[in-house]
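Right, one structure below, let's go through it.
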Amino acid sequence: MKHVRIVPLVALVVALATAPAAFAAASMDGMAMKPSSPSSPAAAAAGPRQAPRPVAAEIRKIDLQSGKVTLKHGPIENLGMPAMTMAFPARDRAALKDFKEGDAVAVVFDKVDGRPTVVDMQRK
């Protein structure tokens with residue numbers, strides 16, 4: 001039976017595993033940089049991010065304690081969301097007290113901390 005020395009084998013495995021990291025850490029000085037393309041096919045299909053615009057909606061429920069409002073809304077183009085009924089957090093929780101269920105509103109949505117959020121809401 002032949003014996004294989006473990007130490008040289010481990011050294012070879014470690015060297016092979018770290019080689020790509022060594023190449024990646026090399027300097028990029030002098031390389032021409034161009035704007036990158038979107039990171040995902042979905043982002044590429046969506047194109048550039050659109051500015052938030054008011055969306056027609058109807059208030060279905062208001063939860064002052066959680067600061068959320070449930071809205072039946074049209075498509076939210078800047079977030080790539082279709083028309084639906086959904087609960088959203090409101091950036092200004094205190095403003096929710098000025099509305100009631102059934103109100104027709106124009107709502108501006110945007111991402112706040114990565115979540116779709118009501119950033120402005122006006123009665124129609």
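The values are calculated or read from the model by the stated rules, or taken from the named source; none is laboratory data. None of the values given here were measured: they were computed from a predicted structure. Methodologically, a virtual Cβ is constructed for each residue, glycine included, from the backbone with ideal geometry; neighbour enumeration extends over all protein chains shown.
For segment 35-54, the set of residues classified as at pLDDT 50 or above and either under 16 Å from LYS100 (Cα atoms) or more than 19 Å from the chain's Cα centre (by Cα) (or both) consists of PRO54 only. The residues of segment 63-85 that are of a type in the set (A, V, I, L, M, F, W, C) and within 17 Å of the chain's Cα centre (by Cα), listed by number, are ILE76, LEU79, MET81.
For LEU96, indicate whether it is farther than 16 Å from ASP120 by Cβ, among the hydrophobic types (A, V, I, L, M, F, W, C) and more than 21 Å from the chain's Cα centre (by Cα). No; evaluated as a whole, the condition is false for this residue. For segment 66-105, filtered to residues that are in contact with a helix residue (DSSP H, G or I) (Cβ under 7 Å, 6 or more places away or on another chain) and part of a loop (DSSP other than H, G, I, E, B), the residue that is farthest from ARG53 (Cα to Cα) is GLY67.
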